[in-house]
Structure formats: C-alpha cells, structure tokens
Amino acid sequence: MDDLEKKIDRLEFKRDHLKQRLNEINKKLKELEKMESNILEAQKIAQDVAILTQNQIEEKLSGLVSTALKVVFGEKYTFKIKFDIKRGQSEIYLLFVDKNGEEYSPLAESGGGVVDVAALALRMSLLSLEGKSDPVMILDEPFRFVSKDNLPKVIKFLIEIQKGLGFQFIIVTQEPEFTEYGKIFEVRKNETTLVTERN
C-alpha cells in the first residue's frame with residue numbers, strides 16, 4: 001500500500017508540475033499572440049502610411065508632368081505613376097496614358113519629344129518636393145527631340161513654371177526659339193558674351 005501511495009504522490013507531483021508548466025506555456029503563448037497582434041497592427045499602420053505617401057507623391061508628380069504634357073501636346077497624353085508591391089517591396093512604374101486610357105511605357109514612346117518634356121517636368125516635380133526655394137536647373141539641349149511646332153509651347157510652359165514655382169533655368173541650346181526670352185549668352189572658345197537680355 002505504501003508503494004501505491006508513493007506512486008500516486010509521484011504522479012500527482014508530476015501532474016501538478018505539468019499543470020504549472022502548461023500554465024506557463026499558455027501565459028507565454030498569450031504574450032506571443034499579443035506581440036504578434038501588435039506587430040501586425042504596426043505593419044498595417046506602416047502599410048497605410050506608405051500607401052498614403054505613395055498617393056501623395058503620385059498626385060504631386062503626376063500633376064505637374066501631366067500639365068506639362070497637356071500644355072505642349074494637348075489632350076494626347078497624361079502621366080501616371082503606378083505603385084505595385086512585389087516580393088514585399090514597392091515598385092514604381094512611370095506611364096503615359098492616352099485619351100483611350102491605354103497605358104504606355106515612356107521608353108516605348110520616343111517621338112515628338114514627349115519623353116523630353118515629361119523627364120524635365122518630372123525632375124521639376126522632384127525638386128519641388130524637396131522644398132528648396134528658387135531651384136536652378138541646368139539643361140543641356142533638353143528639347144532636342146521636341147518638334148519645331150511644339151517648341152513655343154515648351155517655352156510657354158517653362159515661363160509659367162518659372163513664374164509659378166520660382167524655377168530658374170540655364171539652358172544650353174541651339175534652338176533659335178529660345179533667343180526670345182531671358183538673358184542670352186553666346187559662348188565661344190575662351191570667350192563669353194552677353195548678346196541680349198529680355199524678360
């Protein structure tokens with residue numbers, strides 16, 4: 001009988017020990033579940049902030065680029081930035097959208113200087129996001145692929161941007177259309193001359 005009582009005592013001790021261990025494990029499991037819940041909530045907040053930031057960036061960048069395209073090329077194109085999450089990373093796509101809603105890669109669209117105008121407007125958008133006052137852009141033959149018919153529209157756009165956003169442009173060009181505006185310097189080997197100054 002003593003052996004049986006000892007055996008029962010040992011089993012009860014084991015049972016109590018296992019119960020205590022199970023309670024500790026359940027407590028730890030609840031802590032881990034709470035931690036997981038907090039991590040998932042933080043991740044959701046971070047994703048929401050990222051989406052909001054992406055939307056704001058898309059709105060600011062697309063707005064100026066689309067305006068530039070509209071001023072120069074009419075209603076033919078708008079500009080769109082598309083964010084996509086792949087492999088846990090955000091990827092960005094820069095697209096032209098035609099009147100029919102068809103999306104094109106800027107790399108596929110090479111005629112008429114559309115890429116030149118969009119690239120310049122995108123650079124200006126990025127500079128304006130930095131918040132620098134009176135940014136200066138140095139442009140070397142920035143509109144070499146823009147048709148002669150559209151150059152006056154490009155110049156009009158540059159003037160409006162200069163007035164509206166305070167940009168200053170130093171443009172190296174051989175296009176005579178630009179001689180109507182601003183200060184014109186003629187540069188020759190070992191010599192720089194102010195040719196004319198217009199406002």
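The values are calculated or read from the model by the stated rules, or taken from the named source; none is laboratory data. Given the structure is predicted, the values throughout are model-derived calculations rather than measurements. Cβ atoms come from the backbone with ideal geometry, glycine included; neighbour counts cover every protein chain shown.
Results, tabulated for the structure shown:
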{"quantity": "Ala50 being of a type in the set (A, V, I, L, M, F, W, C) and under 21 Å from Pro106 (Cβ atoms)", "calculated": "no"}
{"quantity": "Residue match in the stretch 47-67 (condition: loosely packed, with under 15 Cβ neighbours inside 10 Å, touching a Phe, Trp or Tyr at 6+ places or on another chain (Cβ under 7 Å), of a type in the set (Val, Ile, Thr) and without any contact (Cβ under 8 Å) to a residue 24 or more places away in the chain)", "calculated": "no"}
{"quantity": "Any hit, the stretch 68-79, residues being more than 21 Å from Leu127 (Cβ to Cβ) and exposed (fewer than 11 other Cβ atoms within 10 Å of the Cβ)", "calculated": "yes"}
{"quantity": "Within the stretch 15-43, tally of residues that are among the charged types (D, E, K, R) and at pLDDT below 90", "calculated": "1"}
{"quantity": "Scan of the stretch 140-166 for residues that are of a type in the set (A, V, I, L, M, F, W, C), within 17 Å of Thr67 (Cβ to Cβ) and modelled with pLDDT of 85 or more, ordered by number", "calculated": "Phe143, Val146, Val154, Ile155, Phe157, Leu158, Ile159"}
{"quantity": "Unique match (being within 21 Å of Gln168 (Cα to Cα) and under 15 Å from the mean Cα position of the chain (by Cα)) among Leu64, Leu151", "calculated": "Leu64"}
{"quantity": "Options Phe13, Phe79; residue that is of a type in the set (Phe, Trp, Tyr), on the phi < 0 side of the Ramachandran plot and not in a helix (DSSP H, G or I)", "calculated": "Phe79"}
{"quantity": "Counted residues, the stretch 83-100 - those being touching a residue at least 24 places away in the same chain (Cβ under 8 Å) and either of a type in the set (D, E, K, R) or surrounded by fewer than 14 Cβ atoms within 10 Å (Cβ to Cβ) (or both)", "calculated": "2"}
{"quantity": "So Ala108, is it within 22 Å of the chain's Cα centre (by Cα), modelled with pLDDT of 85 or more and outside any strand (DSSP E or B)", "calculated": "no"}
{"quantity": "Candidate set from the stretch 174-186 (those that are out of contact with any strand residue (DSSP E or B) (no Cβ under 8 Å at 6 or more places or on another chain) and either over 19 Å from Val71 (Cβ atoms) or part of a loop (DSSP other than H, G, I, E, B) (or both)); member that is modelled with the lowest pLDDT", "calculated": "Tyr181"}
